[in-house]
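Visitor: Sharing a structure below in structure tokens format, with a few things to ask.
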Amino acid sequence: MHPLQCVLRTQRWGPWASVSWVLLGTCRVHSSVHGTSCPSPERQQEDGVRKDFSSRLATGPTFQHFLRSGLAPQEKPDVEDPPPYLTVDELSGRQRKVYLETYGCQMNVNDTEIAWSVLQKSGYLRTRNLQEADVILLVTCSIREKAEQTIWNRLHQLKALKTKRLRSRVPLRIGILGCMAERLKEEILNREKMVDILAGPDAYRDLPRLLAVAESGQQAANVLLSLDETYADVMPVHTGPSATSAFVSIMRGCDNMCSYCIVPFTRGRERSRPVASILEEVRKLSEQVLQLIHERDNICKQIHLPAQSGSSRVLEAMRRGYSREAYVELIHHIRESIPGVSLSSDFIAGFCGETEEDHLQTVSLLREVQYNTGFLFAYSMRQKTRAYHRLKDDVPEEVKLRRLEELITVFREEATKANMTSVGCTQLVLVEGHSKRSATDLCGRNDGNLKVIFPDVEMEDVHNSEVRVRAQPGDYVLVKITSASSQTLKGHVLCRTTLKDSAACCCP
């Protein structure tokens, strides 16, 4: 028997079976050139194995199946069976309050959001008051010795807090999460007996179980690294009190093995999140932004959404990454989410290869969307861009200017129609200062970020009707709109007010 044929016999049917079969098939073709002979009993047995395997292969998953599996999030059941030594009630947080501290890089910020998402689903509450916490979790960093020393110092501070804990309250549990838990597991448990749980970067799903075990007075740890954990099905809970941004993790771990770096040893092998789960998280973040704009009076109801062209063909040449249809669908979604939202956009006239039909599609988009504000320009080729190297600036200058004028005319017509809907309404205006065109007028912005012009006169103050005041930059005033153009609203001022007091007075 050829040595490679042994692979098939000794290997159980599994991931390597197909590889083994290819090797076997190659060897048999190679051996056939030496002559033919009657099949031996051993050969007949191999033929039977081959037929059996071929039938399994025909009904098994295809290569496309594995590609599809890689694109979709690997969902895990929302409710898993508890381990045999714990009840569902013991795994529950029972409204205990968790205090989270984050140290280190952006990945740790994301890890904190994942850990909190897991605990929140298990019935824990979040607190930002260290004194009222029942569980304190430190999300740690090991990139440098100083980072670890910071945690050791923090543990000494928390030791006093744990010692002074009143017996009438539930015992305080302290946990170390992340890279330091992974790197110094035994040392932390042996050196700091007050640490109750350890959870490595790939063990955040196990936090409810670890905390449940700790309730019995035992130390609990899970620092196993995973080859496939990406938390693809765990939606991070973004809880920064004054956050203006959010981190979206697209991969975990690292395979680079730089000679100075500990990361591959604390975060494990590199693995990417499924694309679908990344897009879903970004979509939900976008939905949260739209919801906040709708709910908060101190956020302008205005969104800038550059279109550049109304032609899908031109958008593809521009490499914008969306079609006209997708753009219009997004516009409808935004208007449904934020009634009365003000929209602005950018447009380019005469991009490379733009036809008259492409131009007319841009004109129709301006009429369909009816923007409140627009920024429109004729295309100007710039060196070093992809268009400069790959495309031809083939629209004559006079055609570009003619198309630009047509776009501007249509924009102004539609913007005037949109802005005229405000006439007769009372709007809250944030005063910016005097109008550039008139020293007797003031200028400000309404909730849609549109410019509002009104006379600089004395007015009533909503909190003291006996006092007459003049509006200053930074003040809020109520203005009744009397006229509108494509760029500005005009009206007469009613009174000085506040953001809080104005809600009931303004038009929706």
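The values are calculated or read from the model by the stated rules, or taken from the named source; none is laboratory data. Just so we're clear, the structure is a prediction, and the values are computed from it rather than from any experiment. As a convention, Cβ positions derive from the backbone with ideal geometry for all residues, glycine included, and neighbour counts pool all protein chains shown. Quick note on the areas: whole protein, heavy atoms, side chains included, nothing else; ligands and nucleic acids left out. Shrake-Rupley method; radii C 1.70, N 1.55, O 1.52, S 1.80 Å.
Visitor: Could you please put 432, 414 in sequence from largest to smallest accessible area, using a 1.4 Å probe?
Guide: The residues order as 432, 414, largest area first.
Visitor: Cross-link candidates for residue 392: which lysines have Cα within less than 24 Å, leaving aside residues fewer than 8 places away along the same chain?
Guide: 384, 400
Visitor: Find out how many positive minus negative residues lie around residue 290, taking Lys and Arg as positive, Asp and Glu as negative, among other residues whose Cβ is under 12 Å from that of residue 290.
Guide: Counting the neighbours of residue 290, the net charge comes to +2.
Visitor: Count charges around residue 119 for me, please; just the other residues with Cβ under 13 Å from its Cβ, Lys/Arg as +1, Asp/Glu as -1.
Guide: So the surrounding residues net to +4.
Visitor: Can you give the local net charge around residue 405? Use residues other than it whose beta-carbon is closer than 14 angstrom to its beta-carbon, Lys and Arg +1, Asp and Glu -1.
Guide: Residues near residue 405 contribute 0 overall.
Visitor: Let me ask something else about it. For region 243-286, which chymotrypsin sites (Phe, Trp or Tyr not before Pro) pass both filters: DSSP loop (anything but H, G, I, E, B) and at most 13 other C-beta atoms within 10 Å?
Guide: 260
Visitor: Sorted by packing (mean other beta-carbon atoms within 10 Å per residue), highest first, where do 173-180, 186-193, 415-422 land?
Guide: The most tightly packed comes first, giving 173-180, 415-422, 186-193.
Visitor: Less than 13 Å apart at the alpha-carbon level, and either on another chain or at least 8 residues along: which aspartates and glutamates does that give for residue 185?
Guide: 148, 196
Visitor: Can you tell me the accessible area per residue over region 284-420, all protein chains present, probe 1.4 angstrom, in square angstrom?
Guide: With all protein chains present, region 284-420 gives 55 Å² per residue.
Visitor: Determine, for each peptide in 442-451, 96-105, 269-278, 132-141, the mean count of other beta carbons within 10 angstrom over its residues, then list the peptides with the highest first.
Guide: 132-141, 442-451, 96-105, 269-278
Visitor: Between residue 166 and residue 233, what FRET efficiency follows from the Cβ-Cβ distance if R0 is 35 Å, with the result rounded to 0.05?
Guide: Efficiency computed from Cβ-Cβ geometry: 0.35.
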